[in-house]
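J.: Before anything else, here's the structure in question.
The values are calculated or read from the model by the stated rules, or taken from the named source; none is laboratory data. What you see is a predicted model, and the numbers here were worked out from it, not measured in a lab. We place every Cβ from the backbone using ideal geometry, glycine too, and count neighbours over all the protein chains shown.
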Amino acid sequence: MNAEKEKRIRMRGHHLFCISMMQNWTLWGPRFWENAKKYKAILQNPDVTIEIVRYCGDTCSFCPRDVGGKCELYDFEEGGNRIDLEILRQLGLNIGEEITSGDLRRKIKANFECMPSICIWGCGVTDSECAEGLRKLRGGD
């Protein structure tokens with residue numbers, strides 16, 4: 001990945017939260033997790049610009065549910081899907097907007113005291129490691 005591309009990434013709504021909080025999560029396989037870790041590291045740069053997209057973004061690479069740029073689990077609802085829209089609502093963001101990684105981290109910290117309930121039904125995450133990521137962000141280390 002070149003330096004210019006690392007300054008701008010495309011992410012769907014729920015990945016704004018998920019990729020930021022994931023600690024060691026392999027539900028969609030090791031290639032997806034390796035890609036997620038790469039973007040998690042990129043998001044450590046507070047100046048990276050994130051474009052919020054309606055369908056699959058850069059962080060969806062290697063997900064077996066990505067079929068032609070749409071998620072077979074989530075992208076069946078017109079106007080956006082429930083899991084993305086709920087996370088975006090909680091963050092005060094919309095599809096098509098841009099935000100820096102630093103601003104995203106501040107919004108997550110300000111708007112999530114605990115794991116969102118959408119994680120449980122949206123992808124089945126009850127993983128305490130994601131909760132650990134949120135605890136670390138909120139300064140619980």
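J.: Counting just the residues of the range 96-141 that are modelled with pLDDT under 80 and polar (S, T, N, Q), which one comes out surrounded by the most Cβ atoms within 10 Å (Cβ to Cβ)?
T.: So the residue we want is SER128.
J.: Tell me which residues, restricted to the range 75-100, are of a type outside the set (S, T, N, Q), touching a residue at least 12 places away in the same chain (Cβ under 8 Å) and not in a helix (DSSP H, G or I). Steps first, please.
T.: Taking the range 75-100 and keeping what is of a type outside the set (S, T, N, Q), we get 75-80, 82-89, 91-93, 95-99.
Applying the additional criterion that residues be touching a residue at least 12 places away in the same chain (Cβ under 8 Å) yields 75, 80, 82-88, 91-93, 95-99.
ASP75, GLY80, GLY92, LEU93, ILE95, GLY96, GLU97, GLU98, ILE99 - these are the residues of the range 75-100 that are of a type outside the set (S, T, N, Q), touching a residue at least 12 places away in the same chain (Cβ under 8 Å) and not in a helix (DSSP H, G or I).
Residues are listed down the side, and each one gets a yes or a no for (1) surrounded by fewer than 14 Cβ atoms within 10 Å (Cβ to Cβ); (2) within 14 Å of the chain's Cα centre (by Cα):
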residue	(1), (2)
PRO64	yes, no
ASP75	no, no
GLU86	no, yes
LEU91	no, yes
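J.: Within the range 49-62, is even one residue surrounded by 15 or more Cβ atoms within 10 Å (Cβ to Cβ), out of contact with any Phe, Trp or Tyr (no Cβ under 7 Å at 6 or more places or on another chain) and without any contact (Cβ under 8 Å) to a residue 40 or more places away in the chain?
T.: Scanning the range 49-62 turns up at least one residue that is surrounded by 15 or more Cβ atoms within 10 Å (Cβ to Cβ), out of contact with any Phe, Trp or Tyr (no Cβ under 7 Å at 6 or more places or on another chain) and without any contact (Cβ under 8 Å) to a residue 40 or more places away in the chain.
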